[in-house]
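The values are calculated or read from the model by the stated rules, or taken from the named source; none is laboratory data. These figures come from a predicted structure and were not determined experimentally. Cβ sites come from the backbone with ideal geometry, for glycine too, and all protein chains shown count toward neighbours. Note: areas computed on protein heavy atoms with side chains; ligands, DNA, RNA excluded. Shrake-Rupley method; radii C 1.70, N 1.55, O 1.52, S 1.80 Å.
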Amino acid sequence: NIVFLDAGNVTFRGAGRGFVPTSGWTGETDWRGFVPFGELPTSFDPETKTLINANNRVVGDAYPHFLGFDWAPPFRARRIAELLAAGKGRTVEDTGAMQRDTVSLMAVDLLGVMGKAAPETARAREAVALLRNWDGEMAGNRVEPTLFMAWLLELNKALYGDELGADLGAYLGARPLTVRSLLTRRRAWCDDVASAAPETCADILRRSLDRSVQNLVESLGPDMSDWRWDELHLARFPHPVLTHVPVLNRLADLSVPTGGGTATLNRGAMHLAAAAPFTNVHGAGFRAVYDLANLGRSRFAIATGQSGNPLSPGYRDQLEGWANGRYLTLGLPPRTVRDQAASTMTVRPAGAK
């Protein structure tokens, strides 16, 4: 049997959902208690024979209780469903491949709208031609993820930056559902309120693409074939203390080129409002595939290494393997581990003999 169960307490209010300040002295919006356990979301042996969660919404519109609003867009969950429907995920190897998957259904979805752009420059026309034929694979050696993310950043700025002004940085992000909505249903947002002449969504798509390609030329050079995604999408691991110490930070801070993106299973989220907007700032620092039929066949990957000591060989020895999708198995018999150990550390409590 397989089961999805919400095991936490979910509060409910007399009124409102806690989004904004209210007249607290009246008590109208105070908590009234917890949702009864039997009314929490559950799923027992669904017909699909699968349970999927990638921070996406776990209930439909008909569910009567408020669980929250900050769900991840559905793209990663859809990709899991797509791979499982294709028969993937049934072996240790398949499951590891799913964890390393870098196909972005977010990019595929948005390019159905963005790909209609009619750019003015030859280089931008080359870029949009590449993106129209792209399968959404955000591999590190591809140019298309670079083009797409640079364009999406400029498009977000163009769509609502004029309205938000100085507050843009607090909201700026990939915002795929917002972008699709503004380009298809709420097209008034395509107009730049700072200009006299009205702009259309076609204008905004063209200008943002032209601007993003020009930005890439200035930062990466004129040859588009050299624009590898992983050179921009570095995963950085600053030491919590030594990163602030000149010279020593060169020893303690680590970085590695990576593929993936915000909406891929091999997650590499970005903070697009940052000075280096495409840096990989959030992903799976630990990966594991457990074989419950034979736990010795389970495998693991961790960034950056087992040791926290920058002088230890174990400080960075798993970084490249983690970035490139390799795993370690820990299923050796204890005697073999002892015989092959490079060193042994014994930790005794104070006062112990």
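Kindly sort 322, 71 by accessible area of their heavy atoms, largest first, with the probe set to 1.4 Å.
Reading off the accessible areas and sorting them downward yields 71, 322.
Considering the alpha-carbon set of the range 5-119 alone, what are its Rg and its Dmax in angstrom?
Over the range 5-119's Cα set, Rg and Dmax evaluate to 19.6, 58 Å.
How big, on average over all directions, is the shadow cast by the Cα convex hull of the range 192-278, in nm²?
So the mean shadow area of the Cα hull is 9.1 nm².
Tally Lys and Arg at +1 and Asp and Glu at -1 over the other residues with C-beta under 14 Å from the C-beta of residue 34: what net charge comes out?
On the way: positive: 13, 32; negative: 6, 30, 39.
Surrounding charge for residue 34 is -1.
For the range 52-181, what is the Kirkwood estimate of the hydrodynamic radius, computed as the reciprocal of the mean inverse distance between distinct Cα atoms, to one decimal in Å?
Computed over the range 52-181, the radius equals 17.0 Å.
Hey, any idea what the orientation-averaged projected area of the convex hull of the range 71-123's Cα atoms comes to, in nm²?
Over all viewing directions, the range 71-123 projects a mean Cα-hull area of 5.7 nm².
Give the Rg/Rh ratio for the range 154-300, taking Rg as the radius of gyration of the Cα atoms and Rh as the Kirkwood radius, to two decimals.
Reported Rg/Rh, Kirkwood definition of Rh: 1.09.
Can you give the percent of C-alpha pairs in the range 222-353 whose distance is more than 22 Å?
I get 53 percent for the Cα pairs in the range 222-353 exceeding 22 Å.
Would you calculate a helix-derived [θ] at 222 nm for the chain, using -39,500 (n - 2.57) for each DSSP H run of n ≥ 4 and dividing by the full residue count, to the nearest 500?
-9500 deg cm²/dmol
Expressed as a whole percent, how much of the Cα-Cα distance distribution for the range 116-227 exceeds 18 Å?
Everything past 18 Å amounts to 51 percent.
Obtain the radius of gyration and the Kirkwood radius of the range 244-320 from its C-alpha atoms and give Rg over Rh.
1.06
Please report, to one decimal in angstroms, the Kirkwood hydrodynamic radius of the range 43-109 built from all distinct Cα-Cα pairs.
13.6 Å
Charges only on Cβ, +1 for Lys and Arg, -1 for Asp and Glu: so what's the dipole of the range 77-228 about the Cα centre, in debye to the nearest 20?
460 debye
Just the number please: accessible area per residue for the chain, 1.4 Å probe, all protein chains included, in Å². Kindly include the intermediate steps, with their values, before the conclusion.
Details: 20890 Å² over 353 residues.
Ligands and nucleic acids excluded, the figure is 59 Å² per residue.
With only alpha-carbon atoms in the gyration tensor, what are the semi-axes of the equivalent ellipsoid for the range 280-348, in Å, largest first? Don't skip to the end; give the middle numbers.
Numbers: eigenvalues 94, 80, 19 Å².
Semi-axes (√(5λ), whole Å): 22, 20, 10.
What fraction, in whole percent, of alpha-carbon pairs in the chain exceed 33 Å separation?
More than 33 Å apart: 46 percent of the Cα pairs in the chain.
Using all Cα-Cα distances in the range 8-68, what percent lands in each 10 angstrom bin from 0 up to the longest?
17, 41, 27, 11, 3
What are the semi-axes of the equivalent ellipsoid for the range 229-285, taken as the square roots of 5 times the Cα gyration tensor eigenvalues, largest first, in whole Å? Show your work: numbers first, answer last.
Details: eigenvalues 102, 26, 19 Å².
Ellipsoid half-lengths, sorted descending, are 23, 11, 10 Å.
Run the accessible area of the chain with a 1.4 Å probe and give the carbon-and-sulfur part as a rounded percent. Before the final figure, lay out the partial values.
Values: 11250 of 20890 Å².
Its accessible area is 54 percent carbon and sulfur atoms.
Find how many whole Å separate the alpha carbon centroid of the range 86-122 from the alpha carbon centroid of the range 269-295.
Distance between centres, Cα-based: 17 Å.
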